[in-house]
1. Placing +1 at every Lys and Arg Cβ and -1 at every Asp and Glu Cβ, with all other atoms neutral, what dipole size does the chain have around its Cα centre, in debye to the nearest 20?
2. Write down the percent of antiparallel bridges among all DSSP beta bridges whose residues are both part of the chain, to the nearest 5.
3. Taking the dipole about the Cα centre of segment 133-252, with the C-beta of Lys and Arg at +1 and of Asp and Glu at -1, give me whichever of Gly182, Gly228, Leu134 is farthest to the positive side.
4. Semi-axes, largest first, in whole Å: what does sqrt of 5 times each Cα gyration tensor eigenvalue give for segment 13-75?
5. List, in the order given, every pair from Lys9/Lys213; Lys9/Lys197; Lys12/Lys75; Lys43/Lys75; Lys75/Lys128; Lys66/Lys146 whose Cα-Cα distance in the structure shown is over 27 Å.
6. At 222 nm, what value in deg cm²/dmol follows for the chain if DSSP H runs of at least 4 each add -39500 (n - 2.57) and the sum is divided by all its residues, to the nearest 500?
7. Which whole-percent values make up P(r) of the chain when all C-alpha to C-alpha distances are grouped in 10 Å steps starting at zero?
8. Loop-only chymotrypsin sites (Phe, Trp or Tyr not before Pro) in segment 1-110, please: DSSP not H, G, I, E or B, and at most 16 other Cβ atoms within 10 Å.
Amino acid sequence: MQAEMEILKLSKAFGGLMAISEFDLSVSHGELLGLIGPNGAGKTTFFNVVSGVYRPTKGRIICRGKDITGLGPDKIAAQGIVRTFQQTLIFSNHTVLQNVLVATHLQSKLVFWPALFNTSHYQERERKTSLRALELLDFVGLVHVKQELANNLPHGYQRVLGVAIALAANPFILLLDEPMTGMNQEETEAMMDLVKKINQSGTTVLIVEHNMKAVMSICSRVVVLNFGQKVAEGSPEEISKNEAVIQAYLGT
């Protein structure tokens, strides 16, 4: 398969602490890749570097043949790499639909003068934007609560809304940072189904998640980090039997 993204000798240091060290990774188009490791292994730091929140200390990030190393989050997102966060970022006092509309508007690059004069072109763009937002909510399974305030949603629905907001940016690579945090079993299974659905729709997905069972169930390949270094990668079956992985998690 064609490489969607190449991570080459990526490192990130905070003072004397090397959070990510000489990390190499090739992500194929259409892949559903899991990134796991103990607390403090460097997983979220890796996402922060790839998404432009942090600048790497050294190394390169190549996306579809273009060097995007060191670009800011807005420029990274414009390249089609979008992430969610451990803490869901939503407008709590706005409806579910309004949350997705805001994200869709940001993507549509609203022009001031057509909006001010409410031109026919602007009205058509508004119609398409609203339709897109409703389609996204239908896709993630939230269209039935579109008029509910985001703050009133159950925790699982709020996590799904965060994913819908990320999808509004039309990513071809989606970085999911612990999307199942705090979920009960039913919510977890629904999120697993959604992640697979997103991937099957053509989006490459990288997922950081502490729920090992979920990662092993949905990912075709798993990469293991420990102390900022890659200690293993392979199929879920290979990873579950890997001695280095067992040692990293159990300390034995």
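Just so it is clear, none of the values below were taken in a lab; they were calculated from the coordinates. These numbers were taken from a predicted model, which means no experiment stands behind them. Here the Cβ is made from the backbone with ideal geometry for all residues, glycine too, and neighbour counts use every protein chain on show.
1. Using Cβ point charges on Lys, Arg, Asp and Glu, the chain gives about 740 debye.
2. Counting only bridges with both partners in the chain, antiparallel ones make up about 55 percent.
3. Positive-most Cα among the choices belongs to Gly228.
4. Values for segment 13-75, descending: 19, 16, 10 Å.
5. Too far apart for the 27 Å limit: Lys9/Lys213; Lys9/Lys197; Lys66/Lys146.
6. -12000 deg cm²/dmol
7. Calculated P(r), rounded to whole percents: 7, 29, 34, 21, 7, 2, 0.
8. In loop regions of segment 1-110 (DSSP not H, G, I, E or B), the sparsely surrounded chymotrypsin sites (Phe, Trp or Tyr not before Pro) are Phe91.
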